[in-house]
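Every number here is computed from the coordinates shown, using simple stated rules; none is lab data. Here the structure is a predicted model, which is why all the values come from computation and not from measurement. We place every Cβ from the backbone using ideal geometry, glycine too, and count neighbours over all the protein chains shown.
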């Protein structure tokens, strides 16, 4: 077989495409193996470090639909369910370890950053013995 017939055969089967593929793949593989240890052994010092154990205070601006409190005197807890118009936060639920209405109103006002007068007008109570 002479070289012109061999070149025609290579051209017919797509040799220009298939012959360099193993060389390109080998180059990528060797380069990746050389780069990986260098990148992974590098130290990354960040100015903004993650701090665990701190709590982030957020301010909610919600439109409240209903605010219902269920006082369970036997267990000594009050469960407050707040429904809002916000599509991502439709319902808030709080549980307090006291049953006095004034303390419940103060706790809700503190949690939602609302005036106590607004909470008193909006809340409904149900007492469970």
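If one takes the longest principal axis of the Cα atoms in the chain, at what angle in degrees, from 0 to 90 and to the nearest 10, does the Cα axis of helix 3-12 lie?
20 degrees
Take each of the peptides 9-22, 103-116, average the number of other beta-carbon atoms within 10 Å over its residues, and list them starting from the highest.
Packing proxy ranking, top to bottom: 103-116, 9-22.
Test of understanding: what is the full-extension gain from residue 120 to residue 75, defined as 0.36 nm times their sequence separation minus their Cα-Cα distance?
In short, 13.9 nm is gained.
Just the Kirkwood number for the stretch 64-128, please: inverse of mean 1/r across all distinct Cα pairs, in Å, one decimal.
Numbers: mean 1/r = 0.0846 Å⁻¹.
When all Cα pairs of the stretch 64-128 are included, the Kirkwood radius is 11.8 Å.
Angle between the Cα long axis of helix 101-112 and the longest principal axis of the chain, 0 to 90 degrees, nearest 10?
The angle comes out at about 30 degrees.
With a ≥ b ≥ c the root eigenvalues of the C-alpha gyration tensor of the stretch 10-49, is it rounded (a/c under 1.5), prolate (a/b larger than b/c) or oblate?
prolate
Please compute one quarter of the surface area of the Cα convex hull for the chain and express it in square nanometres.
With every direction weighted equally, the projected area is 18.9 nm².
Report for the stretch 64-128 the percent antiparallel among DSSP-assigned beta bridges with both residues inside it, nearest 5.
Roughly 70 percent of the DSSP beta bridges within the stretch 64-128 come out antiparallel.
Would the stretch 17-80 count as rounded, prolate or oblate if I go by the C-alpha gyration tensor, calling it rounded below 1.5 in a/c and otherwise prolate when a/b exceeds b/c, oblate otherwise?
Prolate is the answer for the stretch 17-80, as a/c is 1.5 or above and a/b outweighs b/c.
Measuring from centroid to centroid over Cα atoms, what is the spacing of the stretch 62-83 and the stretch 1-57 in Å?
Taking the Cα centre of each part, the stretch 62-83 and the stretch 1-57 sit 59 Å apart.
Test of understanding: ordering 85, 78, 3 by Cβ neighbours within 10 Å, fewest first, what list do you get? All intermediate terms of the calculation are to be shown ahead of the outcome.
Working: 85 10, 78 25, 3 7.
Placing the least packed residue first, the sequence is 3, 85, 78.
If you take the beta carbon distance between residue 90 and residue 49 as r and set R0 to 30 Å, what does 1/(1 + (r/R0)^6) give as a FRET efficiency, to the nearest 0.05?
0.30
Peptides 46-53, 65-72: what's the order by average Cβ count within 10 Å, highest mean first?
65-72, 46-53
Tally the DSSP beta bridges in the chain and give the antiparallel ones as a percent, rounded to 5.
70 percent
Quote to one decimal, in nm, the extra length available between residue 8 and residue 101 on full extension: 0.36 nm per residue of separation minus the C-alpha distance between them.
In short, 24.1 nm is gained.
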